[in-house]
Amino acid sequence: MQGFQLTFYTQQDRRHHHISLGEWLVQAAIELGISGATLTIAVEGFGRDRKLHSAHFFDLTDQPVEVTMAVNEQQAKRIFEYLKAENVKVFYVKTPIEFGMTGES
C-alpha cells in the first residue's frame, strides 16, 4: 500500500485537553481509525530554538516525544484536518512510503 509516514515531534510537558500531546496524538489516531501509532520517548534532542531538551533524573517534563504512524492518503488528510480543527501546533515530518504486512493473513 502506498501512503505516508507521519512523525510528530513534541515534548513531555506539552498538553492538549489536559493530557500530554503525545498521548493525545495516539488517541486521535485511534478515533480517526488509523491502524496504529507508536509513541517513543527520547533521551535527548533539540529543535529550531537550538535548545537541548533532555530527560533529567527528577524532571522529565523537557523530555522529547515522537509519535509515528503509517497512513494512507485519506487518513493523512483526516488527521491534518483534525489537528487544524483542534488548533494543535506541532512539528511533523511527512514522508512517502510503501507499507504492508508480510506473511500469511
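Just so it is clear, none of the values below were taken in a lab; they were calculated from the coordinates. Worth saying up front: this structure is predicted, and the values here are computed from it rather than measured. Note that we place each Cβ from the backbone using ideal geometry, even for glycine, and neighbour counts take in every protein chain shown.
Through the Karplus equation 6.51 cos²θ - 1.76 cosθ + 1.60, θ set to phi - 60°, convert the phi angles of the stretch 88-104 into ³J(HN,Hα) values in whole Hz; use x for Gly and Pro.
For the stretch 88-104, the Karplus curve yields 8, 10, 8, 6, 9, 10, 10, 10, x, 9, 10, 9, x, 10, 9, x, 7 Hz.
Count charges around Arg78 for me, please; just the other residues with Cβ under 14 Å from its Cβ, Lys/Arg as +1, Asp/Glu as -1.
-1
According to a simple spin-label model (label point 7 Å from Cα along Cα-to-Cβ), what is the distance in nm between Glu44 and Tyr92?
About 3.0 nm separates the two model spin labels.
Which whole-Hz ³J(HN,Hα) couplings does the stretch 23-40 yield from phi under the Karplus relation 6.51 cos²θ - 1.76 cosθ + 1.60, θ = phi - 60°, glycine and proline marked x?
My calculation for the stretch 23-40 gives 5, 4, 5, 5, 4, 4, 4, 4, 4, 8, x, 6, 5, x, 8, 10, 9, 10 Hz in order.
Between Ala42 and residues 5 or more places away or on another chain, which pairs have amide H atoms under 5 Å apart, with H built 1.01 Å from N, and which residues are they?
Val65, Glu66
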